[in-house]
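Please treat every number below as a calculation from the coordinates, not as lab data. These numbers come from a predicted model, not from an experiment. Virtual Cβ from ideal backbone geometry, glycine too; neighbours counted across all protein chains shown.
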Amino acid sequence: MIICENPKHSLKLLNNLGIKKKLIGLHDYNEKILIEKISAKLKNKAVALISDAGSPLISDPGYKLVQFCIKNKINITSVPGPSSMIPAIQLSGLPAHEFCFYGFVPKKEKQIRDLFKKIENAEQTSVFFVSNHNLIKLLEILNEVMPNRQISISKELTKLNEKIFRGDVKKVLNEILNKKANLKGEFVIVLGKNIKKNNNLSDLNEFSKEINMLLSKFSLTDVVEIVHKLSGKNKNKLYKWILELKK
C-alpha cells in the first residue's frame, strides 16, 4: 500500500507511472488513528509514504508514523526526493554550511514578531516557508526589525515560472510589492545571519600615519566621522582612540 496526503493527487502520478496500489490518506489530524488501523500491515507488508509535493515530514505529515516504526523496530528507509528548502538555500547566495529550518511561519503578527526576536541575533542562515497570503505582512514586519539583513525569496523552484528575489529586506519588499499580482503559491525564505560589527580598533593601527595626516588638515570630530564612515567602527571608541593618537 501507499500512504499519501491526498489520494486523488497521488493517483495522477501513479497513473503516469503505471503503478496500481491501494492509497491511504494521511493527515496530521488522523495520523494516530491511521497508525492503529494499519499497525499489523506495517509490520508485515511493504508500505510507502509519499508527499503531494516536497518531502515527507518536512512541513508534511509522517512524524508519528516514523516514531511508531522506530519504537516497534519496523525497518524504515528514506529515498531522498524533492525538497524546496535545499535548492532555495543553494540558489540564495547566502552561507549554506550552517542553517536552521523553522518550517511554516505562523499566521498571527505577534507570533511572527516572536519568531523574528528568536532569530534576530542568529549566527547562521535561517530558512522558513510562507504562503502568499502571509508574505507581504511577514516582509513588512521584517523590514521594521531587520531592514538591512540579506534575504532570498524563492517560488516555483525547478518549474517554468521559477523566480528568486535577492537583496536586503527593504529592496526585496519593494520588488515584491511591484509584482504583487503575480504572487501565488508558497515561498521559501532564506534569511542571512546577523553580521556583527567589528569594533576592535587594533586593525586601524596600520593606518595611523594616514589618520595623523587627516588630523593635520581636519578637526578631531571631522576625522572621527571620516574614519567611522570608512571603517564602520563605533564612534565613541574611535573618538577616544584618535584623541590618544593625536596626543
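A few points about this structure:
- Computed about its Cα centre, the charge dipole of the chain is approximately 560 debye, with only Lys, Arg, Asp and Glu carrying charge at their Cβ.
- Under 12 Å, Cβ to Cβ, from residue 125 - net charge with Lys/Arg +1 and Asp/Glu -1: 0
- The distance between label points at residue 39 and residue 114 comes to 3.4 nm (points 7 Å beyond Cα on the Cα→Cβ vector).
- Each residue, residue 101 and residue 79, gets one label point 7 Å from its Cα in the Cβ direction; the gap between the two is 1.9 nm.
- Of the labelled figures [x] 21.5; [y] 19.6; [z] 11.1, only one reflects mean projected area of the Cα convex hull in nm² as derived from the coordinates, namely [y].
- Bridge type composition, the chain - antiparallel percent by DSSP, nearest 5: 65 percent
- In the elastic network of the chain, a GNM with C-alpha springs shorter than 10 Å, the most mobile of 101, 165, 218 is 218.
- GNM result for the chain, Cα springs below 10 Å: residue of 203, 52, 28 fluctuating most strongly: 203
- The protection proxy used here, the mean number of other Cβ atoms lying within 10 Å of each residue, ranks peptides 73-81, 140-148 as follows, highest first: 140-148, 73-81.
- Here the label points at residue 9 and residue 175, each 7 Å from Cα along the C-beta direction, are separated by 2.8 nm in the simple model.
- 222 nm mean residue ellipticity, helices alone, for the chain (DSSP H n ≥ 4; -39,500 (n - 2.57); rounded to 500): -13500 deg cm²/dmol
- Beyond 32 Å in Cα-Cα separation lie the following of the pairs 73/163; 32/170; 155/233; 8/155; 107/233: 73/163; 32/170; 155/233; 107/233.
- Modelled FRET efficiency - R0 51 Å, residue 236 with residue 163, Cβ distances, 0.05 increments: 0.70
- Choice from 105, 227, 190 with maximal GNM fluctuation in the chain (Cα, 10 Å cutoff): 227
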